[in-house]
Amino acid sequence: IIDGGFKEGLGHKMFMLLYTKVYNLCAKPGEEGKKNSFELYDRYRDSIASYLTEKVLPALKDKQDVYLLSEFVKKWENHRQMIKWHIKLFSYLDRFHIPREKLTALHDLGVDQFNKIIFAAVKKEVRS
């Protein structure tokens, strides 16, 4: 979606379907809901790390100077938009499971991933 591969976006019906799936997984009674919530949280973190490592980092590696900085800013803006929509989609997880388990909020987790994977790899070139 972010890199232009999915032009239409999710649409209201698809968004509500996915939101409902997240809710149903997390709101199951007892340990099953808790287990599902942890698994969703872990998969959220892992999918962001995978995307950044496999798609974003290679797009920056062959750039230099102003081109690197321009692409870095573009990728950061795209990442911010992705985090924004993820937070909306996983808002039940973010509002209930994360505070209860004292985990890093989805927004902060997404920013941390970008800093650890992308910024750490290009900070010397971007800062100079």
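The values are calculated or read from the model by the stated rules, or taken from the named source; none is laboratory data. The shown structure was predicted, so the numbers you read here are calculated from the model rather than taken from an experiment. Glycine gets a Cβ as well: all are built from the backbone with ideal geometry, and neighbour counts include every protein chain shown. Accessible surface is based on the protein model in full, side chains and every heavy atom, while ligands, DNA and RNA are left aside. Shrake-Rupley method; radii C 1.70, N 1.55, O 1.52, S 1.80 Å.
Just list whichever of K35/K116; K74/K116; K34/K75; K75/K123; K35/K88 have alpha carbons separated by over 24 Å in the model shown. In this structure, K35/K116; K34/K75 exceed 24 Å between Cα atoms. Could you work out the longest stretch of the chain that avoids the trypsin sites (Lys or Arg not before Pro) located in DSSP loops with at most 14 other Cβ atoms within 10 Å? No qualifying site falls inside 8-101, the longest such stretch.
What the Cα atoms of segment 23-91 give is an Rg and a Dmax of 16.4, 54 Å. With all protein chains in place and ligands, DNA and RNA left out, the 1.4 Å accessible area ranks D46, D94 as D46, D94, largest first.
Cross-link reach is defined here as a Cα-Cα straight distance under 14 Å, omitting same-chain residues fewer than 8 places apart; for K84 the aspartates and glutamates meeting it are D94, D108. I need the Debye-formula profile for the chain: one equal scatterer per C-alpha, no solvent, reported as log10 I(q)/I(0) at q = 0.10, 0.16, 0.22 1/Å, two decimals. Relative scattering, expressed as log10 I(q)/I(0), comes to -0.38, -0.84, -1.27. So what is the 222 nm mean residue ellipticity for the chain from helices alone, if each DSSP H run of at least 4 adds -39500 (n - 2.57) and you divide by all residues, rounding to the nearest 500 deg cm²/dmol? Counting only the DSSP helices, I get -21500 deg cm²/dmol.
The residues of segment 2-89 expose on average 68 square angstrom of accessible surface per residue, using a 1.4 Å probe on protein heavy atoms. Just the protein heavy atoms count here, and of the accessible area of segment 1-124 at 1.4 Å, carbon and sulfur take up 57 percent.
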